[in-house]
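The values are calculated or read from the model by the stated rules, or taken from the named source; none is laboratory data. Quick caveat: nothing in here was measured; it's all calculated off a predicted structure. Here the Cβ is made from the backbone with ideal geometry for all residues, glycine too, and neighbour counts use every protein chain on show.
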């Protein structure tokens, strides 16, 4: 068991300071640390300046990295929301087409996320080694790898979009209205790969603010173009649901152009030069080896959640609706936690590169402690205000109890999740993507799914049995991850 104690005193007032005192007595953090974060530090996190995260206050480094990462992830989540918002006005078939296409895009996301994990790890390691040229080479090879793996999916989209929808069980009406949407989104999947991968480069260098800005820009154009292309506003053609895919591709494409301009002009910590624009298969293969673990990690977790949905669906549409609503609330509520996990990954990679494994480890425990405090507050909110939160999305008396139960059950394990989320990202930042993949495989497929089915069906708990299984299995993942992390094998990982 890892014990932590501490206090956080936060006061955010313009031109005043935020006093933060954290006392973390443990084997990992050898002495208490105190750091003072001023309002100007918050502004610096948004504005973005180059920092050496292998020196100085770890707490300040965590904040400067986490804030833009949180805002980046919030922007990424807007893409799907914006598309569904406008497409929903075209009817059920249009929404169904978007939903089925998103299930296909999940595979592309898995590949993009896997390559992104290895990219962040390798770029961060080179930055820690003070090898900016090596980081640039890794960035170019990651971009090349993303383009290469996107090509087969583009061909599938161009030539087989209707067939793919039919294979997923789409009705003739959905195929007719949605084939254009599927074709354009799959054909332009290279844009998805690049926006993920280049943002991973920025996170690895510690320039997370550019990743945030790229998605701000992409979302701005997506939100503007969506209704114009879907409904034919002004001089734009009326493209129906297909317009949503075109708008998304254009928006993301402009975001990618911004990313490339930052790298080309050297505004980030690394600069891509003309002589680096060639394939280096040795570096690309190293990236691919690490990426495979990340891809499997994402697919294992995704498949597990899909199977849980199947079990919940046994208990009717009300249970499924309540579960879906609760998950949407949970995902938005824990965005800061993903930002802290991303900060841990960057700090681990850079400090391992700088030959400072103990500082890398201290960074992870501090990120985990801050995350525990944050999720502790979220737990209280979810337990006390679960019903009002669910009622923001539905007034159906049959759905509300399921949503409330899901929010409360899942939140009971948040203190465990806090460390689990951060440590998984720390493994990824070290380039050790297989360890969390193996943990996920055992704890999700061999433990969570059978437990959920047993509690729901054999013990007669119904849908709440699934919610309880999520809490138990996620807490188990956290405990196992902490125990494996403390062994320290990740410090020896070479990439």
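Only a single item in (1) closer than 19 Å to residue 467 by Cβ; (2) surrounded by fewer than 18 Cβ atoms within 10 Å (Cβ to Cβ); (3) touching a residue at least 12 places away in the same chain (Cβ under 8 Å) is not met by residue 306, and it is number (3). Evaluation of residue 448 against the conditions (1) surrounded by fewer than 19 Cβ atoms within 10 Å (Cβ to Cβ); (2) closer than 20 Å to residue 323 by Cα; (3) under 22 Å from the mean Cα position of the chain (by Cα); (4) modelled with pLDDT of 95 or more shows that the sole unmet condition is (1). So for the range 269-278 (the condition being within 16 Å of residue 119 (Cβ to Cβ), surrounded by fewer than 17 Cβ atoms within 10 Å (Cβ to Cβ) and either more than 26 Å from the chain's Cα centre (by Cα) or not assigned by TED's automatic domain parsing to the domain that holds residue 96 (or both)), does at least one residue qualify? Yes, there is a match, as at least one residue in the range 269-278 is within 16 Å of residue 119 (Cβ to Cβ), surrounded by fewer than 17 Cβ atoms within 10 Å (Cβ to Cβ) and either more than 26 Å from the chain's Cα centre (by Cα) or not assigned by TED's automatic domain parsing to the domain that holds residue 96 (or both). Any residue that is in the same structural domain as residue 344 (by TED's automatic domain parsing), surrounded by fewer than 20 Cβ atoms within 10 Å (Cβ to Cβ) and in contact (Cβ under 8 Å) with a residue 12 or more places away in the chain - is there at least one of those in the range 416-431? No, there is no match, as no residue in the range 416-431 is in the same structural domain as residue 344 (by TED's automatic domain parsing), surrounded by fewer than 20 Cβ atoms within 10 Å (Cβ to Cβ) and in contact (Cβ under 8 Å) with a residue 12 or more places away in the chain.
With the structure loaded, tell me whether residue 410 is more than 28 Å from residue 383 (Cβ to Cβ), in contact (Cβ under 8 Å) with a residue 12 or more places away in the chain and in a helix (DSSP H, G or I) or whether it fails that test. So that I can check it myself, show each step before the final result.
Details: more than 28 Å from residue 383 (Cβ to Cβ): no; in contact (Cβ under 8 Å) with a residue 12 or more places away in the chain: yes; in a helix (DSSP H, G or I): yes.
So residue 410 fails the test.
Number of residues in the range 134-159 that are in contact (Cβ under 8 Å) with a residue 60 or more places away in the chain and either outside any helix (DSSP H, G or I) or surrounded by fewer than 24 Cβ atoms within 10 Å (Cβ to Cβ) (or both) equals 5.
With respect to the stated conditions, residue 208 is in the same structural domain as residue 100 (by TED's automatic domain parsing), touching a helix residue (DSSP H, G or I) at 6+ places or on another chain (Cβ under 6 Å), under 30 Å from residue 63 (Cα atoms) and crowded, with 16+ Cβ neighbours inside 10 Å. Among the residues making up the range 455-495, a single one is on the phi > 0 side of the Ramachandran plot and without any contact (Cβ under 8 Å) to a residue 24 or more places away in the chain: 460.
Out of 253, 234, 266, 244, I need the residue that is modelled with pLDDT under 95, under 30 Å from residue 86 (Cα atoms) and surrounded by fewer than 23 Cβ atoms within 10 Å (Cβ to Cβ). Which one? Talk me through it step by step, then tell me what you get.
Working: 253 fails: modelled with pLDDT under 95; 266 fails: under 30 Å from residue 86 (Cα atoms); 244 fails: surrounded by fewer than 23 Cβ atoms within 10 Å (Cβ to Cβ).
Only one candidate passes the filter, namely 234.
Taking the listed residues 329, 381, the one that is under 19 Å from residue 409 (Cα atoms) and either under 17 Å from the mean Cα position of the chain (by Cα) or surrounded by 23 or more Cβ atoms within 10 Å (Cβ to Cβ) (or both) is 329, with no other qualifying.
One residue alone among 377, 383, 390 is free of Cβ contacts under 8 Å to residues at least 40 places away in the same chain, touching a helix residue (DSSP H, G or I) at 6+ places or on another chain (Cβ under 6 Å) and more than 30 Å from residue 134 (Cα to Cα), and that residue is 383.
Restricting 374, 393 to those that are farther than 21 Å from residue 298 by Cβ, modelled with pLDDT under 95 and not in a helix (DSSP H, G or I) reduces the list to 393. For first residues located in the range 442-454 and under 12 Å from residue 471 (Cα atoms), partners that are not in a helix (DSSP H, G or I) and lie 6+ apart or on another chain with Cβ distances below 6 Å do not occur.
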